[in-house]
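Visitor: What follows is a structure written as structure tokens; I'll ask about it next.
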Amino acid sequence: RLAGSRAATRTRKSSRPTGRSQFGRSALCLSGVALLTATKSADALTTGIGLRFVPGVYEANPAVDAMLSRVGVATGLIVSSLVIVVAITAITEIAAIAVSMRRRDGHLAPLVRLAGYGLPSSLFSLVSVYNATVIVAGVRSLELM
């Protein structure tokens with residue numbers, strides 16, 4: 001019995017991580033993309049509502065504003081949001097893989113993903129809340145007229 005348990009212990013210690021765990025993949029990857037998509041969608045939705053229904057509201061980002069004037073508000077917001085989510089996801093995943101390749105255990109990759117998805121998602125959440133306050137203020141000012 002002792003020889004069998006030592007051999008099993010040696011085998012477990014020497015087994016290398018394979019597949020997805022090699023690059024520090026975790027549930028944070030998919031949940032990070034979902035969070036990023038949800039918060040960017042909220043930003044785009046509140047921006048679209050503000051541009052459509054509140055007089056005097058404008059897009060603050062000049063690149064997105066140029067796109068909106070060329071292709072329309074709905075299409076411009078969808079395309080710009082998709083490009084932003086794909087770009088942030090690509091940068092975050094490349095950075096997480098690069099960190100995992102430099103460190104054999106890959107324990108820093110989840111931190112890279114937390115920063116890569118968490119910081120932009122926080123920003124998009126704040127922008128959405130700000131957009132909502134502008135919409136509410138605009139609707140209230142229309143009610144007073």
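Coordinate-derived values only; no laboratory data. Being a predicted model, the structure only gives us computed values, none of them experimental. Glycine also receives a Cβ, built like all others from the backbone with ideal geometry; neighbour counts cover every protein chain displayed.
Visitor: What number comes out for the charge environment of residue 124, summing +1 per Lys or Arg and -1 per Asp or Glu over other residues with Cβ under 12 Å away?
Guide: 0
Visitor: Still on this model: Would you mind calculating the relative contact order of region 48-145 from Cα pairs under 8 angstrom and at least 6 residues apart, reporting the percent as a whole number?
Guide: 27
Visitor: Report the percentage of all Cα-Cα pairs in region 74-145 whose separation exceeds 16 Å, rounded to a whole percent.
Guide: 64
Visitor: Using mean Cβ contacts within 10 Å as the protection proxy, how do 94-102, 50-58 order, highest first?
Guide: The packing order, highest mean first, is 94-102, 50-58.
Visitor: Still on this structure: Sort 61-69, 33-41 by packing, meaning the average of other beta carbons within 10 Å per residue, with the highest value first.
Guide: 33-41, 61-69
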